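Here's a structure for you.
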Amino acid sequence: MHEVLGIDYEPNTLGVMVLSHFHVAPLLRARQAGDSLAYTSLDLGLTTSAVALETPNIILPDGQRLSWEAIEDIGHNESVCFAIEDNSAIKIQFYSEFLNRFYSLMPTERAPTLLVSGISMHRIKGMDPHQDTLRKLRTIAPIDGQVLDTCTGLGYTAIEAAKTAERVITIELDPTVLEVARLNPWSRRLSGNARIQQILGDSFEEIQAFDDAAFSRIVHDPPTFSLAGDLYSGEFYRQLHRVLKRRGRLFHYIGDLDSRSGRKVVRGVVRRLQEAGFSRVVRKPGAFGLVAYK
């Protein structure tokens, strides 16, 4: 195990290297300088590797060769990451027939984000998605006992929560999202983690199978209201209240609470959470969400 950038990291057992425009830039600069060797990250900033530079291509540590044309193409694409397989650079971008949505892995200077039909699922202005995740979890610290993560996404919440929780149950609706996560270096600790149980299904339905007071903490980080309106419903909030322990805490991501759309969503969410039985609902503008107490 390596400790890089403050992140617990395990080498990629799949052997898939991933590049973005941030990480081909050192290669292009080294080529221009006439160097035969360059150092960059092949896992989106988690570790650094040596790459041999030749005239027609680069040689990666596993022996794969990637043409300079492919490197330049990656450099011109700022909105998507590329998996390196069979000497080719392949966009980490998928279409889901299940939900009729496009998903892609978008790079930032640190952890990448998931784009759902072009909408980022994390905050990327002034912070990266990993920092965004930490802010959310801090609002309901300490993270202990059994934790429910209603929307897996790239798995950042489940991975971080599992560091201190006894167990994390995380639910993902679309298997295509998990395919994106499988290729994301920052999501690797999602798989094979004994403290994380993954469920493929609809949170709106899956939550009904949990026992009363099963969770000490819940992180509810749904897509936007327009994409997942049922996860903002009074019926779903009543289920969240039912499965939360007494004195438990729920973090509900909303978005910018002070934006025009945020203010509109917050009013309805607060009212429905209170109607569902939560004793107190507190604004957490720094985390773009609300904390509800039982």
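The values are calculated or read from the model by the stated rules, or taken from the named source; none is laboratory data. Remember, predicted model here, so these are calculated numbers, not experimental data. Neighbour counts run over all protein chains shown; Cβ positions are idealised from the backbone, glycine included. The accessibility values were calculated without ligands, DNA or RNA, using every heavy atom of the protein model including side chains. Shrake-Rupley method; radii C 1.70, N 1.55, O 1.52, S 1.80 Å.
Tell me, what is the 1.4 Å probe accessible area of Met106, in Å² to the nearest 10?
The value for Met106 is about 40 Å².
Expressed in nm to one decimal, what extension gain is obtained for the pair Ser233 and Phe98 from 0.36 nm per residue of sequence separation less their Cα-Cα distance?
Difference between extended and current length: 46.4 nm.
Follow-up question, since we're still on this one. Could you check how many percent of all C-alpha pairs in region 171-294 are farther apart than 17 Å?
Percentage above 17 Å: 60.
Something else: Using a Gaussian network model of the chain whose springs link C-alpha atoms within less than 10 Å, name the residue from Ala25, Ala33, Ala213 with the highest mean-square fluctuation.
So, out of Ala25, Ala33, Ala213, the one fluctuating most is Ala33.
Indicate the gyration tensor shape class of region 225-292 (rounded, prolate or oblate), computed on the Cα atoms with a ≥ b ≥ c the square roots of the eigenvalues: a/c under 1.5 is rounded; otherwise a/b larger than b/c is prolate and the rest oblate.
oblate
Give, in nm to one decimal, the length gained when the segment between Arg260 and Val282 is fully stretched (0.36 nm per residue of separation minus the Cα-Cα distance).
In short, 6.0 nm is gained.
Residue by residue, what Karplus-based ³J(HN,Hα) values in Hz, rounded to whole numbers, does region 44-55 have, using 6.51, -1.76 and 1.60 with θ = phi - 60° and x for Gly and Pro?
For region 44-55, the Karplus-derived couplings read 6, x, 6, 9, 10, 10, 8, 10, 7, 10, 10, 5 Hz, x marking Gly and Pro.
Roughly how many nanometres apart are two label points built 7 Å out from the Cα toward the Cβ at Arg247 and Ala25?
4.9 nm
What net charge is computed for the residues neighbouring Leu200, neighbours being all others with C-beta under 11 Å from the C-beta of Leu200, Lys and Arg scored +1, Asp and Glu -1?
It works out to a net charge of -4.
Here's another thing I want to ask about it. Which lysines, on any chain, are close to Lys136 with Cα under 29 Å apart, when same-chain ones fewer than 8 places away are left out?
Lys125, Lys163, Lys245, Lys264, Lys284, Lys294
Using a Förster distance of 41 Å, how high is the FRET efficiency between Glu166 and Lys91, based on the Cβ-Cβ distance and rounded to 0.05?
Computed FRET efficiency for Glu166 and Lys91 comes out at 0.60.
With the contact rule set at Cα under 8 Å and sequence spacing of 6 or more, what percent relative contact order holds for the chain?
In percent, rounded to a whole number, it is 12.
What ³J(HN,Hα) values, in whole Hz, does the Karplus curve 6.51 cos²θ - 1.76 cosθ + 1.60 give for region 208-216 when θ = phi - 60°, with x put for Gly and Pro?
Result, ordered by residue: 5, 8, 7, 5, 4, 6, 7, 10, 8 Hz.
Same structure again: Hey, in the GNM for the chain with a 10 angstrom Cα cutoff, which one of Leu19, Leu250, Leu37 fluctuates hardest?
With Cα springs under 10 Å in the chain, the top fluctuation among Leu19, Leu250, Leu37 is at Leu37.
Convert each backbone phi in region 154-159 into a coupling constant with the Karplus relation 6.51 cos²θ - 1.76 cosθ + 1.60 (shift: θ = phi - 60°), then list the ³J(HN,Hα) values in order as whole Hz, x for Gly and Pro.
Going residue by residue, I get 7, x, 4, 5, 4, 4 Hz, with x marking Gly and Pro.
Okay, moving on. Between Thr48 and Ala141, what is the FRET efficiency for a Förster distance of 45 Å, r being their Cβ-Cβ separation, to the nearest 0.05?
Efficiency for this residue pair is about 0.90.
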